[in-house]
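Notes follow once the structure below has been shown.
The values are calculated or read from the model by the stated rules, or taken from the named source; none is laboratory data. A quick note: this is a predicted structure, and the numbers were derived from the prediction, not measured. Every residue, glycine among them, receives a Cβ derived from its backbone with ideal geometry; neighbour counts consider all protein chains shown. These area figures cover heavy atoms from the full protein model, side chains too; ligands, DNA and RNA do not enter into them. Shrake-Rupley method; radii C 1.70, N 1.55, O 1.52, S 1.80 Å.
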Amino acid sequence: MNILFLTDYEISPTAGGIERVIDSLTVSFESKGICCYSAYCAKKNIGNVTEFRKELLIDNNDKENNDIYLFLKDNNIDVIIVAILNKHNLPLMKNLYNITRKLNCKIIYTYHQMPGYELCQKIDLKLAKYWYQHKISSIKEIVIMLILNTINELGIQKILYPIIKRKLSYGLYSDTVCVLSDSYIDLYKKFTGPTEVPFTAMPNALTYFEEVSSDIVEKKEKIVLSVGRFDIVAKRQDLLLTIWSEVEKHSVSEDWKLIIIGYGSEEEYLKEKAKKLKLKNVIFAGFCDPRDYYKKASVYAMTSSYEGFPMVLLEAQQYGAVPLAFDSFVAVNDLIDNGKSGYIVSDKNISEYVSKLLYLMKNRETCDVMAKECMKSINKYSKEVIIERWMTLLNKLCEKK
């Protein structure tokens, strides 16, 4: 079987969670005798890249996509896995679908986000000013974000449904749509309407393969950890700093540290906020391999306004860091057994979040019990389990050829 991964940019295992997932899938597929190829829309020159049998840099000036047609034909591609496409490259799906009908090739469209995440995007004037001053976004993009914020504040999000429907409908130019959770299937169809295209839920697998002993729990330090790119709209690290400012009002916090791993254009904004809040025990660790921090951290703090299927929650639990997260995305219930392997807090309920965080900080025994439960709970997302699910899907599609 020959598989092509179609993405915006070349794949690197160090570029992000989704990229690590694709890199891991490639290695696993190759170990099972499946030949993996890559096609991408633009080069990013991101250094360490995943090795494929062959690669194609798509010619964006070729409106008929003859280069893709020839690449598929010459390499006898059986299945295309559309892994990451942004709004600029989504229209490619129509041409791709027509090409694959001629070549008897199947398309799996994987959607790596929560359907309708656009409804969760908010920005305030202070952040808009920072974006403008630091040339992070164009004036047009800033104005659009402020309009989205106004729409959300007024509670008239339904006027955005046609825009979301158009984006999601491109995924229906496929033989199967893969979403990250069963809970996302109905959510996807809520925007697109009924469709005959089959859906399947395919969660991400763990991408760190080292064996982690439960003994790690006994060596945990008084660390609360956060990992992710600095993206205040999506990740809300500014909200995490506000939460930590409340935590620091309690004496238990004197021995604890909040360590934030990440990088991005909003780093100075966050550091400035930490100064204004006069936070004592916050460390910005920069961009680095988070595994050493996962091993030390007792608690993992997520404050995102939306997520798809965040790898950081899986990774944190793999290393016994007890997670806290807002219920801002429905798949959080797949990842955290509330009260058993972590806590799920009502979105934006800062007082509840602070309370749960302080409880874990004060109660080491409870935290240790939950940490061990975390480490057990993620077995269903092991590489072996998820790869078997992928193999079932791929074989099923190829049988229909």
Next item on the list: Restrict the check to the range 45-58 and report whether at least one residue is closer than 29 Å to Glu315 by Cβ, of a type in the set (A, V, I, L, M, F, W, C), open to solvent by 10 Å² or more (accessible area, probe 1.4 Å) and free of Cβ contacts under 8 Å to residues at least 24 places away in the same chain.
Entry: no
Checklist line | Hits in the range 1-10 (condition: under 18 Å from Ile107 (Cβ atoms) and crowded, with 19+ Cβ neighbours inside 10 Å) | finding: Ile3, Leu4, Phe5, Leu6, Thr7
Check: Out of all the residues in the range 309-348, which are out of contact with any strand residue (DSSP E or B) (no Cβ under 8 Å at 6 or more places or on another chain) and without any contact (Cβ under 8 Å) to a residue 12 or more places away in the chain?
Finding: Gly339
Note to self: If I go through the range 339-393 residue by residue, how many of them are of a type in the set (Val, Ile, Thr) and either in contact with a Gly (Cβ under 7 Å, 6 or more places away or on another chain) or closer than 30 Å to Leu25 by Cα (or both)?
What the structure shows: 6
Margin query: Can you go through Ser213, Ser226 and tell me which one is at pLDDT 95 or above and closer than 25 Å to Ala285 by Cβ?
Written below: Ser226
Checklist line | Top-ranked residue in the range 122-146 [being β-branched (Val, Ile, Thr) and under 17 Å from Ile232 (Cα atoms); ranked as surrounded by the most Cβ atoms within 10 Å (Cβ to Cβ)] | finding: Ile123
Notebook entry, point to check: Quick one: what pairs do we get from the range 367-382, first residue over 10 Å from Leu314 (Cβ atoms) and in contact (Cβ under 8 Å) with a residue 40 or more places away in the chain, second in a helix (DSSP H, G or I) and not β-branched (Val, Ile, Thr), C-beta under 7 Å, 6+ apart or different chains?
Noted result: Cys367/Leu360; Lys372/Ser214; Met375/Ser214; Met375/Gln317; Met375/Gln318
Next item on the list: Would you check if there is a residue in the range 281-291 being part of a helix (DSSP H, G or I), at pLDDT below 95 and closer than 29 Å to Val212 by Cβ?
Entry: yes
Next item on the list: Have a look at Tyr269, Tyr294 and point out the one that is out of contact with any His (no Cβ under 7 Å at 6 or more places or on another chain), open to solvent by 20 Å² or more (accessible area, probe 1.4 Å), part of a helix (DSSP H, G or I) and not charged (D, E, K, R).
Entry: Tyr269
Next item on the list: Mind listing just one residue for me: the one in the range 197-238 that is over 24 Å from the mean Cα position of the chain (by Cα) and not hydrophobic (A, V, I, L, M, F, W, C) and, of those, most open to solvent (accessible area, probe 1.4 Å)?
Entry: Lys219
Note to self: Which residue is surrounded by the most Cβ atoms within 10 Å (Cβ to Cβ), if the candidates are limited to the range 71-95 and must be modelled with pLDDT of 95 or more, among the aliphatic types (A, V, I, L, M) and farther than 22 Å from Leu180 by Cα?
What the structure shows: Leu72
Next item on the list: Can you give me the number of residues within the range 306-328 that are open to solvent by less than 10 Å² (accessible area, probe 1.4 Å), modelled with pLDDT of 95 or more and outside any helix (DSSP H, G or I)?
Entry: 8
Item checked: Top-ranked residue of the range 149-166 - restricted to ones that are under 16 Å from Gln113 (Cβ atoms) and crowded, with 16+ Cβ neighbours inside 10 Å, ranked as farthest from the chain's Cα centre (by Cα) -> Leu160
Notebook entry, point to check: Any idea how many residues of the range 55-84 are under 17 Å from Ile34 (Cβ atoms) and in a loop (DSSP other than H, G, I, E, B)?
Noted result: 4
Next item on the list: State which residue pairs qualify: first residue within 19 Å of Asn75 (Cα to Cα) and inside the range 85-104, second residue modelled with pLDDT of 95 or more and of a type in the set (Val, Ile, Thr) in any location, beta carbons under 6 Å apart, and separation of 6 or more residues or different chains.
Entry: Thr100/Ile107
Item checked: Any chance Lys63 is basic (Lys, Arg), free of Cβ contacts under 8 Å to residues at least 40 places away in the same chain, open to solvent by 40 Å² or more (accessible area, probe 1.4 Å) and within 22 Å of Leu168 (Cα to Cα) -> yes
Check: closer than 28 Å to Tyr208 by Cα and at pLDDT 95 or above - does that describe any residue in the range 25-33?
Finding: no
Notebook entry, point to check: Within the range 21-40, is even one residue part of a helix (DSSP H, G or I), within 30 Å of Glu266 (Cβ to Cβ) and open to solvent by 20 Å² or more (accessible area, probe 1.4 Å)?
Noted result: yes
Next item on the list: From the list Glu30, Glu55, pick out the single residue that is within 13 Å of Leu6 (Cα to Cα) and acidic (Asp, Glu).
Entry: Glu55
